[in-house]
Amino acid sequence: MVSFVTARPAPQAAGTVCSAVPVGRKFLNTHTKKQTDMDPSEVEFLAEKEMVKIIPNFSLDKVFLIGGDLGPFNPGLPIDVPVWLALNLKQRQKCRIIPPEWMDVEKLEEMRDLERKEDMFTPVPSPYYMELTKLLLNHASDNIPKADEIRTLVKDIWDTRIAKLRLSADSFISQQEAYAKLDNLTLMEINTIRAFLLDTLNCMYKLRSNVQ
Amino acid sequence: MPCERKPMRYGHSEGHTEVCFDDTGRFIVTCGNDGDVRIWESLDDDDPKFITVGEKAYSLALKNGKLVTASSNNTVQIHTFPDGDPDGILTRFTTNATHVTFNSIGSRVAAGSSDFMVKVVEVSDSSQQKTLRGHEAPVLSVTFDPKDDFLASASCDGSVVVWNIEEQTQVISWPLLQKSNDVTNAKSLCRLAWQPGMGKFLAVPVETKVHLYERGSWDHVSTLSDDLLTQPINVVSWSPCGRFLAAGSVGGLLTVWDVNSKLCVERQKHEKGFTVCSLAWHPSGSQIAYTDTEGCLGLLDGLGTSTQVAAKKPAKDYDDLFDDDDDRLMDEGLSDTKSPAKKAVGWDDDDDDFLVPATGRVKNRGAFLDDENSLDTGSLKLGQDKFGDNNDDAGSSVAPAAPPVAPLRPVYEGPMPTPPQKAFQPGSSPAHLTHRFMMWNFVGIVRGYNDEQDNAIDVEFHDTAVHHAMHLTNSLGHTMADLSQEGVLLACPSTEELASKLQCLHFSSWDTNKEWMVDLPKGEDARALCLGQGWAAVATSTLMIRLFSIGGVQRELFSLPGPVVCMAGHGEQLLVVYHRATGFDGEQALGVQLLQFSRKKRQLISGEPLPLSQKSYLSWLGFTAEGTPCYVDSNGMVRMLNRSLGNTWTPVCNTRETCKSKSDHYWVVGVHENPQQLRCIPCKGSRYPPTLPRPAVAILPFKLPLCQTTTEKGQMEEQFWRSVLFHNHYSFLSSSGYEIDEDAQNLSQKEQQELLMKMFALSCKLEREFRCVELAEMMTQNVVTLAIRYASRSRRMALAQRLSEIALEKSNQMQEEEQEEPEYSSTRRTSSGQPRVTNILDNMMSSKKSAQLSSSGGKPSKSPVLKPLAPKPKTKVPCAESVFKQGSISRCLCAFRPKTGFQLWLEENRKSILADNPDLEETDVIKEAMGRFRTLSTEERLLSNQLKLFIFKNDFRSTDLNKTDK
């Protein structure tokens, strides 16, 4: 029989930082050094709420959780569950994970090429593509065909996007713009640059005001 | 015509190579990408002589001691043969020549080039050139007409052109080939070949076929093809006698046809499957040398082609005799083939046209052969020449190899019998695959691997709680498998030494022996097998079904009326499908038997025809998880047994409707009735899924093919009948002694009644009162009262009147049943003396339901009893009373509702009930409730008919209860 984890393990920081709210708040008080931006593990935590298909190898009636009902689990029959549960079951060898549709070499290659071609950010297959790739490939690479290629491709897409992000940040600063519009950015991408960018802007503001 | 394929040997470095024999046949001469021409004394010659002709040699031709090569320096040069001294340059092009060839006497050379030109040059005087212009792309190949009038060339522009050499004009041009921009990009080298001798035919390789064009008329007279040829033919070459045509294809297939009969007389495969780019006949016609694009040289030896003519002289007389006979028969046969029924035989019109003029010359040919016989010449060459001269005759006359009997067969135009489909295991992919599913059912998956490295079987369970995965080496060569919660059953066909074996891995056994094996009697092969609960069945080639217990005890055996197609087992049921007769015109004639091995063994379906879609065959057979027989045909139609309609088969789903493309299929792996799920694997472009990547199961909904399901009425009707069909299994299960999930059954009944009520309301709205009454007849009594209220509220008093009659009828019926019940059940119980072992199939119920049931053991339900009660034979009256009491209690929830119907509409009947019913307490309660209800309902009647919605949305039972409480 399968015993479910009753509480979903949260990242260490999640206890102190309300993971969803600070996005807005941080913009307001970025000068307070204490309030750093979201940790990658926190973003990952959010990503774990995404649904993924698994094929369970056990049978269980519906389970009633705060986040919603899951199941019933029929052996051999695909079912959608959140990533955190899928990984937990996978670690206990209770299921096989079916990779999301976009996690496919051909589709990712197309996406990579498009990303390289376009100057703007292209829409990503999933708002948590990086996190999901990392999570699924780390824990269930045996269920994902061509795992290594997928890892490389997603890294390529990520690198291209981060490079674009740096470029646009650079032009933003050098042209002294007041605002910039960036579409199709994922949470993880925003968080990789936020701390650095905002601190830099603050510093530059201070320096400039001192000069005048 | 068996021939020996000599092993390939290295000839040149990788790239295009060409090969030819010298005039005497002593040497094989090849040229290749390394720019060398090699002269091999035999295939085993390890130190061939070589002549370097350039950086690369594209083509070579050899005749009369002159070796002509096309090399990379854009020239066509001559070397002496066999010495290899340069003998001048014949001609030049602006780019390299692609193909060079001699005419039949060796006086002229034709060369085609990548600069779109074809040149014809006199060997003796290279200044005498003729240039043929007109191609619009590089020239692929050139060939001379043996009479030297014409020249044929093929080009990358897709055309094959016949030129008049003298006039340098195009005689005819056929657009036959795929266009390309260069020789290296061309799909095929398209090496043309003109029949030696009279040059009657020009052979042109077009894709996977060879077209033959007739000289002069330039008509496409016939086509040579072979089913095994799947890739384009690169090169064709006539045997020196002109009777056989050899072709080498891109995939490395070498094919030799007898041109007269158009039959393939020899097929050989290149040992590595490399593309054959050149082939040449030995002048004797007994060998073919060929080279591939990887630079290797090969040889086919022992071709019995022209040697038949020259070498088998002693047998010739008899051969001729038979030839004559055959030919004469042929004459007679031809008149037959002229009859309108030509299509029935394998000869097409071309053949007939081709054969008719030949008949007149048959005798001549016989004479010619006799002549040759009497000449008794040892010289092969002479014979060849003679043969060549008469080629026109020989080529068109009927050869002994032709099947002249074919047109003689009496022509039958009626329905043709269908080849009966082979036995198969439902849920398996075909046995010829190296990696295949041997079984996929709701327990697990059995995969078979049979390649060079491994011959193994993997067993995997969907639910790992059943058993862990297993890996077995398949040393016996099992081809069939079935899987259940108790064991794995495997069977292999017999071999020359070993008998057909049945192996069972009985992993659920509690002793230490988890395996048993049984040899079938000699000459008996296992064809199909299945596992049930506690038993196994094998259908064999002797039209028998053998039953075994799961532990290996042999049980009953019985004969089948026909060869088995497949079997399925579930619980105690065995479903067998077999060939009932021969099907015609693509139909299969299948029969089905359904047996039950419970305490009372019986045959539920005894050999009735199995309905299939038109021109389809059976592709899956099985039971739903709940135990209803079910099958799928190759047209994707899923049919299920309808036990409530005299064991008929109802189509419940057409999987092809959900397919995106025509070649997509769904591979069914399981059917569930509750919840209604058709579990299947979508297969893109095939009927079977591959083992890797691991296919995922999809779920399809069921849909009865009722009319007008787009309308609300049609939809509800479909839902209703589907619900009825998919809940048949409750009554079957309870009648065969299984415990059932009562909650689910009640839910389904409620659903059906709700649907009926909705349809009733819809018909009311459409003013179809007759239809309303029809629907009411299908309702249960409780719902009829609701319907009455609905009708009266919507001011249809006539309808309400009729409905009340129905309600009365139903209540009467119910009472009769109630009174009959005790006797019925008591007799039943006495007859079923011993206590029944409750058999619980895993999928049929959840554990909590069984607990509930056992706790309320005495509470009877509508279905016949599940738990045996102690028989009370003599005290009949108290027994009946007690049971009735129980019955009335069981109906206490619903009993008063029918009575509200009486009290509203018929007072007298209540009195009769009172008289019948001695239990006053209960009736008092009911009476009270009725009174209250009457007042309530009159109040309600004053309300607007907005209550419609209220009725639909609320649980009928609960609303009623609430009202009575008030």
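Data overview
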{"read-out": "Packing-based exposure ordering (other Cβ within 10 Å, fewest first) of B:K514, A:K90", "value": "B:K514, A:K90"}
{"read-out": "Sites matching trypsin sites (Lys or Arg not before Pro) across the stretch B:590-631 that sit in DSSP coil, with at most 10 neighbouring C-beta atoms within 10 Å", "value": "B:K600, B:K601"}
{"read-out": "Pairwise label distance in nanometres, B:L645 with B:D115, each label 7 Å out on the Cα-Cβ vector", "value": "8.1 nm"}
{"read-out": "Shape category assigned to the stretch B:1-152 from the gyration tensor of Cα positions, a/c cut at 1.5", "value": "prolate"}
{"read-out": "Highest-first arrangement of B:245-255, A:45-55, A:200-210, B:743-753, where packing means the average Cβ count within 10 Å", "value": "B:245-255, A:45-55, B:743-753, A:200-210"}
{"read-out": "Summed residue charge, Cβ within 10 Å of B:H79's Cβ, Lys/Arg positive, Asp/Glu negative", "value": "-2"}
{"read-out": "Residue order, fewest to most beta carbons within 10 Å, for B:V118, B:V459", "value": "B:V459, B:V118"}
{"read-out": "Charge dipole of the stretch A:31-108 about the Cα centre (unit charges at C-beta), most positive-ward option of A:V43, A:N57, A:L108", "value": "A:N57"}
{"read-out": "Test item: A:49-56 mean partner chain Cβ contacts at 10 Å", "value": "1"}
{"read-out": "Test item: A:72-84 mean partner chain Cβ contacts at 10 Å", "value": "4"}
{"read-out": "Dipole magnitude of the stretch B:4-301 about its Cα centre (Cβ charges: Lys, Arg +1; Asp, Glu -1), debye to nearest 20", "value": "580 debye"}
{"read-out": "Part-to-part distance (alpha-carbon centres) for the stretch B:95-156 and the stretch B:660-695, which is given in Å", "value": "58 Å"}
{"read-out": "Neighbour-count order for B:K269, B:K130, fewest beta carbons within 10 angstrom listed first", "value": "B:K269, B:K130"}
{"read-out": "Highest average packing first - B:52-59, B:166-173, Cβ atoms within 10 Å", "value": "B:52-59, B:166-173"}
{"read-out": "Charge context of B:S127, other residues only, Cβ under 15 angstrom, K/R +1, D/E -1", "value": "+2"}
{"read-out": "Two-site FRET efficiency, B:K684 against B:A431, from Cβ-Cβ distance with R₀ of 25 Å, rounded to 0.05", "value": "0.65"}
{"read-out": "Three-way shape call for the stretch B:4-301 based on the alpha-carbon gyration tensor, with the a/c threshold at 1.5", "value": "rounded"}
{"read-out": "Total charge dipole magnitude, the stretch A:41-195, about the Cα centre, Cβ charges on Lys, Arg, Asp, Glu only, Debye to nearest 20", "value": "440 debye"}
{"read-out": "Under 5 Å, built H, 5+ apart or other chain: amide partners of B:A581", "value": "B:A589"}
{"read-out": "Neighbourhood charge, 15 Å Cβ-Cβ cut-off, centred on B:L67 and excluding it, Lys, Arg +1 and Asp, Glu -1", "value": "-2"}
{"read-out": "Relative contact order (%) - criterion: Cα under 8 Å, at least six apart; region: the stretch B:4-301", "value": "15 percent"}
{"read-out": "Cut-off under 5 Å, modelled amide H: who pairs with B:V671 long-range", "value": "B:A625, B:R679"}
{"read-out": "Calculated FRET efficiency for the pair B:D227/B:K601, C-beta based, R₀ 45 Å, to 0.05", "value": "0.35"}
{"read-out": "Cβ-Cβ FRET estimate between A:A163 and B:A698, R0 fixed at 60 Å, reported to 0.05", "value": "0.90"}
{"read-out": "Gyration tensor verdict on the stretch A:41-195 (Cα atoms; rounded if a/c is under 1.5, prolate if a/b is larger than b/c, oblate otherwise)", "value": "prolate"}
{"read-out": "Most to least packed among B:582-589, B:274-281 [average Cβ atoms within 10 Å]", "value": "B:274-281, B:582-589"}
{"read-out": "Shielding score for B:462-468, defined as the mean number of other chain Cβ atoms within 10 Å", "value": "5"}
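Here, each number is a calculation from the coordinates, and none is a lab measurement. Values in this document were obtained by computation on a predicted structure and should not be read as measured data. Every residue, glycine as well, gets a Cβ built from its backbone with ideal geometry; the counts of neighbours run over all protein chains shown.
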